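The values are calculated or read from the model by the stated rules, or taken from the named source; none is laboratory data. Only a predicted model underlies this, so the values are computations on that prediction, with no experimental measurement involved. Note: ideal-geometry Cβ built from the backbone for every residue, glycine included; neighbour counts use all protein chains shown.
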Amino acid sequence: MALDQSFVGRTYPPTDPYEVGREKIREFAEAIGDANPAYTDTEAAKALGHPDVIAPPTFVFAITFKAAGLVVEDPQLGLDYSRVVHGDQKFAYNRPVRAGDRLTVTSTIEAVKTMAGNEIVDIRGEVHDEAGEHVVTAFTKLVARRAEEA
């Protein structure tokens, strides 16, 4: 079943706030093997002009991908998640994610298309802090692989 094209432009409600913690940032930086001291040392981050430690650029993926779940789980869209692979990911930052941020994500379907029998959904996730300041935009491409012919 083809995805519903009328969903292009649909915006989903913002997520509950996610509080970014120093320990989560440290764990993430260690997991990806990035030893940048701005990710683990408050004084190093302050020396670079930040009020607290900052997160590696891909840290926000976990928050935005969870928010994209509202799109994925929308039964009216018709996306078969059992066939989905993560096609692409991009981030456009206004400022780094910082420890202490309380972030919400609002997801919007940017495009729905079919290519070589595969269904492709582009989702834009706008991330804002508690004050409403734009922090980053995440662009996620999901590809639902074509069902095998019997």
- Item | Residue match in region 107-118 (condition: touching a helix residue (DSSP H, G or I) at 6+ places or on another chain (Cβ under 9 Å), of a type in the set (D, E, K, R) and not in a loop (DSSP other than H, G, I, E, B)) | yes
- Message: What's the total number of residues in region 45-55 that are in a loop (DSSP other than H, G, I, E, B), among the hydrophobic types (A, V, I, L, M, F, W, C) and exposed (fewer than 15 other Cβ atoms within 10 Å of the Cβ)?
- Response: 1
- Conditions: (1) at pLDDT 95 or above; (2) not in a loop (DSSP other than H, G, I, E, B). GLY9 meets all but one. Number of the miss? (2)
- Message: Would you confirm, using the coordinates I've provided, whether THR58 is within 29 Å of ALA131 (Cα to Cα), assigned to a helix (DSSP H, G or I), at pLDDT 95 or above and within 16 Å of the chain's Cα centre (by Cα)?
- Response: yes
- Message: Being among the β-branched types (Val, Ile, Thr) and closer than 17 Å to ASP122 by Cα is true for just one of VAL97, VAL53, VAL105, VAL20. Which residue is that?
- Response: VAL105
- Which residue pairs have Cβ atoms under 6 Å apart, sit 6 or more places apart or on different chains, and have a first residue in region 51-73 that is closer than 14 Å to PRO13 by Cα and a second that is of a type in the set (Ser, Thr, Tyr) and surrounded by 18 or more Cβ atoms within 10 Å (Cβ to Cβ)? ALA67/THR15; ALA67/SER107; ALA68/SER107; ALA68/THR140; LEU70/TYR12; LEU70/SER107; VAL71/SER107
- Query: Between a first residue in region 103-121 that is touching a residue at least 24 places away in the same chain (Cβ under 8 Å) and a second residue that is exposed (fewer than 15 other Cβ atoms within 10 Å of the Cβ) and assigned to a strand (DSSP E or B), which pairs have beta carbons less than 6 Å apart while being 6 or more apart in sequence or on different chains?
  - Reply: THR108/THR11; ILE120/LYS113
- Message: Looking at region 78-87, can you tell me whether even one residue there is under 16 Å from VAL136 (Cβ atoms) and either in contact (Cβ under 8 Å) with a residue 12 or more places away in the chain or surrounded by fewer than 17 Cβ atoms within 10 Å (Cβ to Cβ) (or both)?
- Response: no
- From ASP52, ASP80, ASP74, grab the single residue that is over 19 Å from the mean Cα position of the chain (by Cα) and under 17 Å from LEU3 (Cβ atoms). ASP80
- Query: Out of (1) surrounded by fewer than 17 Cβ atoms within 10 Å (Cβ to Cβ); (2) out of contact with any helix residue (DSSP H, G or I) (no Cβ under 9 Å at 6 or more places or on another chain); (3) touching a residue at least 24 places away in the same chain (Cβ under 8 Å); (4) not hydrophobic (A, V, I, L, M, F, W, C), the odd one out for HIS128 is which?
  - Reply: (1)
- Query: Of everything in region 65-113 that's modelled with pLDDT under 90 and of a type in the set (Ser, Thr, Tyr), which residue is nearest to PRO17 (Cα to Cα)?
  - Reply: TYR81
- Within region 16-44, how many residues are free of Cβ contacts under 8 Å to residues at least 24 places away in the same chain and crowded, with 16+ Cβ neighbours inside 10 Å? 3
